[in-house]
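Written out below as structure tokens is the structure these notes cover.
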Amino acid sequence: MASLLKHKSSHKKLKRQLLIVMLIIFGWSVAIGFILGLATSTQAANPSSSVGTVDVVPAQYQLGQELYRENCSSCHIALPPAVFPTQTWKNLLEDSQHYGTQIKPLVNPQRILVWNYISTFSRVQLQDEETPYRLNRSRYFRALHPGVELPNPLKMDSCVSCHHGANDYNFRSLTPEWEK
């Protein structure tokens, strides 16, 4: 009988030790997961007080974005790359004739930085799709503006009528009528 009690007692001890080990492993896993989550969070790397673009821009593309904004917004509103397919942006970066105006094209390394930013955040062009050079011809621009009656002709200054932060490259902030 004594050996039976010792056996039950040692069996209970083993169960308790196994439960403690499992709880320690579980706690350790939760702690590691939480720490890794904080370390890889894009919000931690890019605080929301930064530029109000549609996409969060990782650190390796931020200089390209800054150069893009600096160069393009000197003449007009810098558009988010997502409104045109990649091919449109490629052609615009390579051409010194920019919508009827002669411009000085970017040179390397600035061109490479801008291209890396734009190509990462622009859209794919369908195989049979014509390359759009005007906003009203871009299916992405139209898809991003469902139910919006766009003026004809569409001018980039028209963006400010709905996106009051567009001059500051903030397309998230909308006028009250579109905040719904």
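Looking only at the stretch 144-170, which residues are over 16 Å from C72 (Cβ atoms), hydrophobic (A, V, I, L, M, F, W, C) and either touching a residue at least 60 places away in the same chain (Cβ under 8 Å) or in a helix (DSSP H, G or I) (or both)?
The answer is L144, and nothing else.
So which pairs qualify, if the first residue must be in the stretch 79-107 and farther than 15 Å from T120 by Cα, the second must be modelled with pLDDT of 90 or more and buried (at least 17 other Cβ atoms within 10 Å of the Cβ), the Cβ gap must be under 7 Å, and the two must be at least 6 apart or on different chains?
Hits for this filter: L106/V114.
Return the only residue of R139, R172, R123 being closer than 14 Å to W89 by Cβ and among the charged types (D, E, K, R).
R123
Taking into account only those residues within the stretch 120-143 that are of a type in the set (S, T, Y) and in contact with a Ser or Thr (Cβ under 7 Å, 6 or more places away or on another chain), which is nearest to H76 (Cα to Cα)?
Y133
Please determine whether any residue of the stretch 118-127 is of a type in the set (S, T, Y), closer than 25 Å to C162 by Cα and modelled with pLDDT of 90 or more.
Within the stretch 118-127, one or more residues are of a type in the set (S, T, Y), closer than 25 Å to C162 by Cα and modelled with pLDDT of 90 or more.
Take the stretch 68-78 and flag every residue that is over 16 Å from V57 (Cα atoms) and in contact (Cβ under 8 Å) with a residue 60 or more places away in the chain.
Listed by number, the residues that qualify are S73, H76, I77.
Please find, within the stretch 16-64, the residue that is modelled with the highest pLDDT out of those that are hydroxyl-bearing (S, T, Y) and under 18 Å from T120 (Cβ atoms).
Y61
Quick test of your reading of the structure: Y140 fulfils all but one of (1) surrounded by fewer than 15 Cβ atoms within 10 Å (Cβ to Cβ); (2) in contact with a strand residue (DSSP E or B) (Cβ under 7 Å, 6 or more places away or on another chain); (3) at pLDDT 85 or above. Name the failing condition by number.
Looking at each condition in turn, Y140 falls short on (1).
Between F141, F84, which is closer than 23 Å to Q60 by Cα and among the aromatic types (F, W, Y)?
Residue meeting the stated conditions: F84.
Does the stretch 98-108 contain any residue that is out of contact with any helix residue (DSSP H, G or I) (no Cβ under 9 Å at 6 or more places or on another chain), more than 22 Å from Y61 (Cα to Cα), among the charged types (D, E, K, R) and at pLDDT 85 or above?
no
The values are calculated or read from the model by the stated rules, or taken from the named source; none is laboratory data. These figures come from a predicted structure and were not determined experimentally. When we count neighbours, we look across all protein chains shown, and the Cβ atoms used for this are built from the backbone with ideal geometry, even at glycine.
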